[in-house]
1. For the condition out of contact with any helix residue (DSSP H, G or I) (no Cβ under 8 Å at 6 or more places or on another chain) and in the same structural domain as Gly373 (by the TED database), what is the one hit in Leu455, Leu407?
2. Considering only segment 218-238, I want to know if a residue exists there that is surrounded by fewer than 15 Cβ atoms within 10 Å (Cβ to Cβ) and within 30 Å of Thr540 (Cα to Cα).
3. Output the number of residues of segment 363-387 satisfying the condition of being under 21 Å from the mean Cα position of the chain (by Cα) and over 16 Å from Trp348 (Cα atoms).
4. For segment 45-66, give me each residue that is closer than 14 Å to Leu224 by Cβ, out of contact with any helix residue (DSSP H, G or I) (no Cβ under 9 Å at 6 or more places or on another chain) and not in a strand (DSSP E or B).
5. Out of (1) modelled with pLDDT of 75 or more; (2) open to solvent by less than 20 Å² (accessible area, probe 1.4 Å), the odd one out for Met258 is which?
6. Confirm whether Glu207 is within 23 Å of the chain's Cα centre (by Cα) and more than 23 Å from Pro85 (Cα to Cα).
7. Name the strands (runs of 3 or more DSSP E) wholly within segment 304-416 that hold at least 3 residues that are modelled with pLDDT under 95, open to solvent by less than 40 Å² (accessible area, probe 1.4 Å) and of a type in the set (Ser, Thr, Tyr)?
8. Mind checking which residues of segment 417-443 are in a loop (DSSP other than H, G, I, E, B) and either closer than 15 Å to Arg378 by Cβ or open to solvent by less than 60 Å² (accessible area, probe 1.4 Å) (or both)?
Amino acid sequence: MPPVFPMLTVLSMFYYMCLRRRARTATRGEMNSRRAIESNTRALPINVEIVQYAKEVLDFSSHYGSENSMSYTMWNLAGIPNVYPSSGDFTQTAVFRTYGTWWDRCPSARLPFRRTPSTFCSQDYVELAFEEPVYPTAVHILETYHPGAVVRILACSANPYSQNPPAEVRWEVLWSEAPTKVNGPQARQFTPCIKQINFPTNLIRLEVNSSLLDYYTELDAVVLHGVKERPVLSLKTSMIDMNDIDEDEDEERYGCGMDTLSKQFSIVTLREWPTNGYFDKLPYELIQLILSHLTVPDLCRLAQTCKLLYQHCCDPLQYIHLSLQPYWARINDTSLEYLQSRCTLIQWLNLSWTGNRGAISVSGFSRFLKVCGSELVRLELSCGHFLNEMCLEVITEMCPNLQELNLSSCDKIPPQAFNHIAKVGSLKRLILYRTKVEQTALLSILNFCSELQHLSLGSCVMIEDYDLIASMMGAKCKKLRSLDLWRCKNITESGIAELASGCQLLEELDLGWCPTLQSSTGCFTNLARKLPNLQKLFLTANRSVCDTDIEELAANCTRLRQLDILGTRMVSPASLRKLLESCKDLSLLDVSFCSQIDNRVVLELNANFPNVFIKKSFTQ
């Protein structure tokens, strides 16, 4: 019988590497911190440290505030602190759109992508530019309310103020850690120990995960410390401990970045063994199932071991669902080109956060979709600033089966480009949060995409008449289950009446910060009576919400799970008790800044209804 040991040895080595990497993951932040401290202690004091606040906010994925205001927006991160060291809820801070896990427990929640590495937990980001490029020695983040959301800090080699863009843009992780629960909402200065890098930077990126927070995190300022000249290390360096190498260093050391691995797919020379051992006896489908648990980089590594596993790792069935968001910093045209042959059957594709600063070109994206778009059902392109009208045209032509399209925060797409979306009549989910979609294009989309079930129009400031939009939804989108109208500036009781009459399957409705809605017109009462299936209702910052509205919700919307009435002055403890007694599934109730609901009332309600998270925000 031919020997099987070579094949088993190769596979054992591969699984050993995977297990060693997983064992290191739990303490990676601690090891990075130790390396940073040791590196700093070896540095010779030849530079004067420069201290600077962020000069400008370049990009971000979401924010709580309005596009036409400074309150609760990411732009508050530029400059010196506005609030720190005070604690509390302040409009002068930067606040992201979501917190906790509530957004994962509502009808509009999306299914996660398989194969997302456990080390990638970022949900939002913000990029900050500083005046002077420096070699970072410290990063201070001034958090003023519910700290603990920052999970990763990165530095970029590109100077946003340079007239000559670099041929290659490189991102380096300065610090990363899993989300942590911080006891108490008080302000703090967060100063993690950062890794030393070999290029100067004036572009810092913060990535956050707010899933463990009890409320919105608020950031006030970011301070970058650094030196102009690269620190000179002492020659007294010890031998490298193999256990002190993190995953990113592994990828650089062995050339395992996405682009490099893609090239190795095509040029690697694989040794032919006389037999594949027991793998020859396993069904093809079983090997496919085993490999389905590997991340994309792990597939790339495994493909280099032998021809049998190369064949399995390149099988299009391994790429039915593909998320490249965790590798956003390394995805470019070349990556997409080498993935084309493996993605011919792809149905779910996540390119969110990828392609910015020239990494993905319009032609590169178009070539990929022309080969791989025919079976696409779900396409995530959040914060894809390379997208233009041609890209949307290609999407609508090459993806005839598309049902879900996410263009959240794609604020570089010109208004006229959104007309192309109307050609995709099979759409069931469309996310246009923070885009420049205009009224004409949106009316066309609603007219032709009658299968829509989930629609997000939050912070779409270029729509002139939301009543007309609501009327079209009521007439054409009878299957609508969730609707986000966050900060829509001009919808009135007329539009709400049309919406409630025509879209009676609605389970989720966000009318937060809609200033033109007044309870005295009966609009909220009408909603409660017409939409008995409501599970989530946000009436954030509407000061006119009153006891009558709450009592109508208690009587008609007994399936309600999440209710936000932040800021109302007209709701009493008695009506809230009726609501809590009637809505047995209620899990979130935000009564922040409700003048009649003081801390004593909240404590009483918490004691009587322990299964409900009742939030009462404060300002000091």
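The values are calculated or read from the model by the stated rules, or taken from the named source; none is laboratory data. All figures in this text were calculated on a predicted structure; none of them were measured in a lab. Positions of Cβ are generated from backbone atoms using ideal geometry, with glycine treated the same way; all protein chains shown enter the neighbour counts. Remember, those area values only see protein heavy atoms, side chains included, never the ligands or the DNA or RNA. Shrake-Rupley method; radii C 1.70, N 1.55, O 1.52, S 1.80 Å.
1. Leu407
2. no
3. Summing the residues that are under 21 Å from the mean Cα position of the chain (by Cα) and over 16 Å from Trp348 (Cα atoms) in segment 363-387 gives 5.
4. Glu49, Lys55
5. That leaves (1) as the condition not met.
6. no
7. Counting at least 3 such residues, we get no strands (runs of 3 or more DSSP E) at all.
8. Result: Val424, Gly425, Ser426, Leu427, Lys428, Leu432, Tyr433, Arg434, Thr435, Val437.
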